[in-house]
Amino acid sequence: MRYRGRFAPSPTGALHFGSLTAALASYVAARQAGGDWLVRIEDVDRQRTVPGSAEAIIAMLRAFGFQWTESVASPIVRQSERTPLYTKALTQLLQSGAAYECSCSRAEIAAVAGTQTADGDEARYPGWCRAGVRDPTRPRAIRLRTPPGIVAFDDDMQGVVAIDVAEQVGDFVIRRRDGFFAYQLAVVVDDADQRITHVVRGADLLTSTPRQILLQRALGLPTPRYAHVPLATDANGVKLSKSAGAAAIDTDHPAVQLWRVLSFLRQNPPPELRESELTTIWTWAFEHFDPAALRGVSTQEVAVQA
């Protein structure tokens, strides 16, 4: 199959260094493979969406020289416009018995579990509503019924990753109690619908991948190849993210920023590239980028200064 990659930012603020790292790594991989590279706006959580940030992200990508596959028949996808697809997948999971309704709140679960999942999104669910909704009068989420056993995949940068989702996470939410679809379901449906063959993204989503594989299996969808690049952190080890107040990318000096990303990804770009034209630094990246330089590297690394 033709290589199809994607970059899928959430419009919760401007792009920062960590976002640019994931974008560059996925873009270069697609270009080296002679394939397609798509941009998708992941605004399924509309409560967190910052007005105008999607347009700002797209403009910034253009300013940095990114070129994605787009046409009238294949525009930039926005999750907020794809509710019918998610509803269809959810109906399939409910009808097959792979998912069920749940009236339990996060506070109730956390009070009993006392721990968080590996990515901190929710405490492990003990399965109280598996045999039937405990309180039908309350708003209900929908959870995937996770089978026991290890879910393993061979990540192109991190090696073999193996997680027992049932043991560590339990039955996880695929539609929230407020009616919004969860990221895990939306991203699986989108990747399949867009025929994505390779997913290159940040290592903060490494532990989400086994959950997505379980959803792919339950829906009868293909599983892409995955590669998770190290997270960019500050000197104190804090992830550079919008929620942590990371500074927006300096668009006045795009070549400098791309050079920083290439250096962070251990590609050893020549110093003179910092002052080069965008076409020059992109040509160098397409010719020299080597994913093998990241194999075995820690999932978190301190960001490179200009």
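The table that follows gives values for the structure above.
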{"item": "Cα-centre dipole for the chain with unit charges at Cβ (Lys and Arg positive, Asp and Glu negative), debye to 20", "result": "980"}
{"item": "Exposed GluC sites (Glu not before Pro) absent: longest stretch of the chain, with sites in DSSP loops and at most 15 other Cβ within 10 Å deemed exposed", "result": "71-276"}
{"item": "Mean separation of Cα contacts under 8 Å, 6 or more apart, over the residue count of the chain: relative contact order %", "result": "21"}
{"item": "At q = 0.12, 0.16 Å⁻¹, base-10 log of I(q)/I(0) for the chain (Debye sum, equal scatterers on each alpha carbon)", "result": "-0.82, -1.41"}
{"item": "Among Gly296, Gly35, Gly202: highest mean-square fluctuation, GNM of the chain, C-alpha pairs under 10 Å", "result": "Gly296"}
{"item": "Among Ala166, Ala107, Ala33: highest mean-square fluctuation, GNM of the chain, C-alpha pairs under 10 Å", "result": "Ala107"}
{"item": "Normalised contact order of the range 145-200, rounded percent, pairs of Cα under 8 Å and 6 or more residues apart", "result": "24"}
{"item": "In the range 1-40, the trypsin sites (Lys or Arg not before Pro) that fall in loop regions by DSSP, at most 10 other Cβ within 10 Å", "result": "Arg2"}
{"item": "About the Cα centre, charge dipole magnitude for the range 140-201 (Lys/Arg +1, Asp/Glu -1 at Cβ), debye", "result": "460"}
{"item": "On Cα atoms only, tilt of 278-288 relative to the major axis of the chain in degrees", "result": "70"}
{"item": "Extension gain, Ser96 back to Arg225 (0.36 nm per residue minus Cα-Cα distance, nm)", "result": "43.8 nm"}
{"item": "The range 83-183 - charge dipole about Cα centre, Lys and Arg +1 at Cβ, Asp and Glu -1, debye rounded to 20", "result": "660"}
{"item": "Helix-only CD estimate at 222 nm, as mean residue ellipticity for the chain, using -39500 (n - 2.57) per DSSP H run (n ≥ 4)", "result": "-9500 deg cm²/dmol"}
{"item": "Most mobile of Leu185, Leu206, Leu94 in a GNM of the chain (Cα contacts under 10 Å)", "result": "Leu94"}
{"item": "Computed over the range 83-183: relative contact order in percent, which uses C-alpha pairs under 8 Å that are six or more apart", "result": "27"}
{"item": "Fraction of alpha-carbon pairs over 19 Å apart in the range 83-183 - percent", "result": "47"}
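Every number here is computed from the coordinates shown, using simple stated rules; none is lab data. All figures in this text were calculated on a predicted structure; none of them were measured in a lab. Cβ sites come from the backbone with ideal geometry, for glycine too, and all protein chains shown count toward neighbours.
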